[in-house]
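The values are calculated or read from the model by the stated rules, or taken from the named source; none is laboratory data. Note that the coordinates shown come from a computational prediction; the quantities given were computed from them, not determined experimentally. Here Cβ is always computed from backbone atoms with ideal geometry, including for glycine, and neighbour counts include all displayed protein chains. Ligands, DNA and RNA are stripped out before the accessible areas are found, and what is left, the full protein with its side chains, is counted by its heavy atoms. Shrake-Rupley method; radii C 1.70, N 1.55, O 1.52, S 1.80 Å.
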Amino acid sequence: MSASLTNTFDDKNSETSTLTNPTLVLNCGSSSIKYALISDDNATRITGLAENLGLDTARIKHTTLNGEKLEISIPGGNHKFALQKILELLEQYHFIAVGHRVVHGGREYSEAVRVDDHVLDEVKRLKVLAPLHNPAHALGIEAVQAIYPDIPQVVVFDTAFHQTMPPVAFRYPLPKNLYEEHKIRRYGFHGTSHAYVSERASDITDASGTHGWLTAHLGNGCSATAVYDGKSLDTSMGLTPLEGLMMGTRSGDVDPSLHIHLKRQLGMSLEDIDTMLNKESGLLGISGLSNDLRTVEQAAKEGHKDAQLAIEMFCYRVGKYLASLSCALPEFTGIVFTGGIGENSVSTRTRILEVMRHFGIKVDADKNANLVGGNEGSFHSSDSSLELWVIPTDEEGRIAQETREALHLV
Ligand code: ADP
């Protein structure tokens with residue numbers, strides 16, 4: 001394997017000094033690695049993405065401190081090779097800690113923890129609950145350990161924020177031993193995003209008292225959470241990230257008897273059904289076109305009936321879930337939209353709120369229309385019963401912050 005640059009690379013410039021005491025945030029997925037080098041005030045960042053790992057088209061897309069974009073091809077490069085290259089690119093900035101996004105922390109972890117042998121073993125063991133993600137996270141931790149054994153590493157779990165849910169929300173109505181012996185329960189995911197946007201909403205609202213938010217993280221993966229007084233009280237994703245809302249390629253909720261029905265009627269294997277529900281359903285399955293809402297929206301505008309239905313179903317299911325999650329909140333201050341869809345699709349936000357027509361919500365259409373492309377703000381009118389916010393998520397910034405806190409660097 002060799003790396004070749006398709007752009008001139010010179011990141012050694014005078015701006016280096018503005019990236020003080022940076023933390024490296026790594027999100028190692030099954031075929032990609034997202035990274036961000038973040039200064040101690042969260043203000044300055046270098047970001048990048050290694051994608052198509054293991055394939056001929058493997059490459060690193062890197063944005064330097066001064067905004068220059070580079071593409072480095074690493075044909076056939078695997079996780080370890082890509083990480084070595086990423087660490088080489090960032091070495092000159094002398095990062096002081098590494099924070100890893102880890103999808104599943106089981107019920108062991110309710111906050112970020114410093115990596116030691118036990119923690120690494122747990123990340124690996126929890127492969128049973130996150131087979132695509134946790135092994136890749138473990139690889140990332142070990143690769144950094146091998147190159148920089150003295151740099152402290154922290155794991156920030158997607159599930160941790162939801163550990164405050166009460167049993168009434170996290171237990172499934174199943175025989176007790178499945179929970180007690182096999183840890184079958186709702187865990188919830190996207191925790192860093194729900195934590196970040198709900199905290200931010202509480203910081204910027206004018207509402208006094210204790211705040212109750214419904215946070216809708218709508219991206220390729222979608223989930224909604226009820227957050228009261230900074231604590232997750234219920235969420236739509238479950239034992240795995242398949243439960244809940246309709247997503248890009250994931251079905252979200254279906255009848256649990258679907259598996260046995262498809263096995264009996266169509267002779268499908270459990271693996272085939274799992275693949276179908278995770279990779280071939282959602283916006284892609286209904287529209288028959290794409291998992292990307294932009295493509296589906298364009299087709300719907302041109303009269304494509306299945307695309308129109310996909311959007312209608314997506315919005316109906318989000319609205320229905322938000323309405324039901326409101327039952328978890330002692331007080332309901334408002335709704336926060338985030339994720340690629342939540343931050344950008346004005347019409348999706350409008351339709352979702354139309355589904356919730358009994359809540360006395362009043363949208364300011366002009367404000368709503370301006371909240372795109374990373375803008376933050378509210379879009380309820382003054383006579384609305386609930387506040388409405390768009391808050392661009394910052395999972396990397398939150399992971400960097402939690403990493404510094406876990407290492408007592410703040
Ligand atoms: P991920 O879950 O992979 O991080 P994102 O949060 O980036 O995903 O969200 C991806 C989704 O956001 C895609 O469905 C994409 O179509 C949608 N999206 C991004 N920009 C827009 C836009 N301007 N209008 C509508 N949808 C958008």
message: Of the candidates Ile74, Ile204, Ile311, which one comes out as most mobile in a Gaussian network treatment of the chain with C-alpha springs shorter than 10 Å?
response: Ile204
- prompt: Hey, if we sort Glu312, Glu387 by accessible area with the 1.4 Å probe, largest down, what's the order?
  reply: Glu312, Glu387
message: Give the aspartates and glutamates whose C-alpha is closer than 12 Å to that of Lys69, dropping any in the same chain fewer than 8 places away, or say none.
response: Asp10, Asp11
- request: Would you kindly compute the Cα radius of gyration of the chain and its largest Cα-Cα separation (Dmax), both in Å?
  value: 21.6, 66
- request: May I ask which residue of Gly54, Phe314, Val102 lies farthest towards the positive end of the charge dipole of the chain, with charges of +1 (Lys, Arg) and -1 (Asp, Glu) on Cβ and the Cα centre as origin?
  value: Phe314
- line: Quick numbers on segment 96-193, Rg and Dmax over C-alpha atoms in Å, give 14.3, 47
message: Which one, Glu354, Glu302, Glu51, has the greatest fluctuation when you compute a Gaussian network model over the chain with C-alpha springs under 10 angstrom?
response: Glu302
Of Leu65, Asn177, Trp389, farthest towards positive along the dipole that unit charges on Lys, Arg, Asp, Glu beta carbons give the chain: Asn177
message: Test of understanding: what is the full-extension gain from Thr164 to Glu108, defined as 0.36 nm times their sequence separation minus their Cα-Cα distance?
response: 18.9 nm
- prompt: Which links in Lys231/Lys320; Lys85/Lys231; Lys34/Lys305; Lys34/Lys124; Lys183/Lys320; Lys231/Lys301 stretch past 30 Å when you go from one Cα to the other?
  reply: Lys85/Lys231; Lys34/Lys305; Lys231/Lys301
Listed residues Asp383, Asp306, Asp117, most fluctuating in the chain (Gaussian network, C-alpha, under 10 Å): Asp117
- request: With runs of 4+ DSSP H residues as the only contributors, calculate the mean residue ellipticity of the chain at 222 nm using -39,500 (n - 2.57) per run, divided by the residue total and rounded to the nearest 500.
  value: -10500 deg cm²/dmol
task: Calculate the spin-label point distance for Arg125 paired with Ser324, positioning each point 7 Å from the Cα along the beta-carbon direction, and give it in nanometres.
output: 3.3 nm
- prompt: What FRET efficiency would be calculated for the residue pair Asp203, Leu270, taking the C-beta separation as r and a Förster radius of 45 Å, to the nearest 0.05?
  reply: 0.50
- line: For the chain, the percent of accessible surface on carbon and sulfur atoms (probe 1.4 angstrom, ligands and nucleic acids excluded) is 50 percent
field: Exposure rank, largest accessible area first [Trp389, Trp213; 1.4 Å]
entry: Trp389, Trp213
The chain - accessible surface per residue (Å², probe 1.4 Å): 46 Å²
From phi via Karplus (6.51, -1.76, 1.60), per-residue ³J(HN,Hα) for segment 226-238 in Hz, x at Gly/Pro: 9, 10, 10, 6, x, 10, 6, 10, 6, 8, 7, 6, x
message: Give me the percent relative contact order of the chain, please, defined on Cα pairs under 8 angstrom at least 6 residues apart.
response: 14 percent
